[in-house]
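Below is one structure, written out as structure tokens; the observations come after it.
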Amino acid sequence: MISYLNYSGDGSVDTIKTSENFIQMKMFSEKKFMWNRFTSYDSSEWFGSGDYVFKNDTLVEHTEYGSEALLTILEKDSIHRLDIVFINKDSYMQTEKDSLGNPIYGEIYHRIK
């Protein structure tokens, strides 16, 4: 992940670049995903994995397994629906929306080669 976006109720967006102290990656195989995060300021392990489906610019992730830290804020077997916008062939933005369809949080990822 190279940056994240915070959306406010008034329609403004704050884009925050990640730093050397914050590394987050997401990996995909044909049907599985794995997500992990490292922060130098937090010794907790942050990772999760499960199945996913990508259809009509929507990524649906079913988290089947996660670290203790992740499962304190996310239920096992949880489902996340994320809108996907491809920026170019190596980058995409995923956006989480509230129940009314308003964006609340986004992340921009760049492919590692």
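Only the coordinates and a few stated rules stand behind these numbers; no lab work does. Given the structure is predicted, the values throughout are model-derived calculations rather than measurements.
Some points to look at:
- Phi to ³J(HN,Hα) by Karplus 6.51 cos²θ - 1.76 cosθ + 1.60 over the stretch 45-59, Hz, x for Gly, Pro: 8, 10, 7, x, 8, x, 8, 8, 9, 10, 8, 6, 6, 10, 9
- For the chain, the relative contact order is 22 percent, taking Cα pairs closer than 8 Å that sit 6 or more residues apart in sequence and dividing their mean separation by the residue count.
- The H on the amide N of Thr18, modeled in the peptide plane, is under 5 Å from the matching H of Ser3, Tyr4, each at least 5 residues off or on a different chain.
- Sorted from longest to shortest, the spans of the Cα atoms of the stretch 15-97 along the three principal axes equal 37, 30, 25 Å.
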